[in-house]
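What follows is a set of notes on a single structure, which appears directly below.
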Amino acid sequence: MNILIILGFALVIVGLWGVLVRRNIIKIILSFGIMDTGVNIIIVAVGYLPGKTAPIIDAAVDKATAFQKVVDPIPSALVLTAIVIGLAVTALMLSYAIKMYEKKGTLSIDKYKELKW
């Protein structure tokens, strides 16, 4: 479990570095995706409990002792939802990048000074 949390934080740091340092819009979008993956790994790692099983009531786990033997399904459900939302946001960012490229002919963020504050 600890290695997954470390991996998740490493991905978040790498993604944050890519967002802050890179000047190409596509690389920035990919960095956001890397950060999103890192956060999802952290959530799943925090929700994992060693020695417990999947939250399925069957012959291996009866209803009376299910709360002692199963993992909480909420973090997994949240991650599945976050994956779908992350995919939609990435698709939206890529469509904006395409429109920006059609307008200026470049993907360098330095050429878009009129859009900055």
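Does Phe32 fit the bill of being aromatic (Phe, Trp, Tyr), within 13 Å of the chain's Cα centre (by Cα), modelled with pLDDT of 95 or more and more than 30 Å from Lys113 (Cβ to Cβ)? For Phe32, the condition - aromatic (Phe, Trp, Tyr), within 13 Å of the chain's Cα centre (by Cα), modelled with pLDDT of 95 or more and more than 30 Å from Lys113 (Cβ to Cβ) - is not met.
All of Ile26, Ile56, Ile6 fail the test of being touching a residue at least 12 places away in the same chain (Cβ under 8 Å) and surrounded by 11 or more Cβ atoms within 10 Å (Cβ to Cβ), apart from Ile26.
Condition test on Pro50, is it assigned to a loop (DSSP other than H, G, I, E, B) and under 20 Å from Leu4 (Cα atoms)?
Numbers: assigned to a loop (DSSP other than H, G, I, E, B): yes; under 20 Å from Leu4 (Cα atoms): yes.
Spelling it out, Pro50 is indeed assigned to a loop (DSSP other than H, G, I, E, B) and under 20 Å from Leu4 (Cα atoms).
Counting just the residues of the stretch 99-117 that are part of a helix (DSSP H, G or I) and surrounded by fewer than 13 Cβ atoms within 10 Å (Cβ to Cβ), which one comes out modelled with the lowest pLDDT?
Step one: list which residues in the stretch 99-117 are part of a helix (DSSP H, G or I), which gives 99-104, 109-111, 113-115.
Within this subset, residues satisfying the condition of being surrounded by fewer than 13 Cβ atoms within 10 Å (Cβ to Cβ) are 99, 102-104, 110, 113-115.
Numbers: Lys99: 93, Glu102: 93, Lys103: 88, Lys104: 87, Asp110: 86, Lys113: 79, Glu114: 74, Leu115: 56.
Step by step, filter the stretch 99-117, then rank; the result is Leu115.
The values are calculated or read from the model by the stated rules, or taken from the named source; none is laboratory data. What you see is a predicted model, and the numbers here were worked out from it, not measured in a lab. Note that each Cβ is placed from the backbone with ideal geometry, even for glycine, and that neighbours are counted across all protein chains shown.
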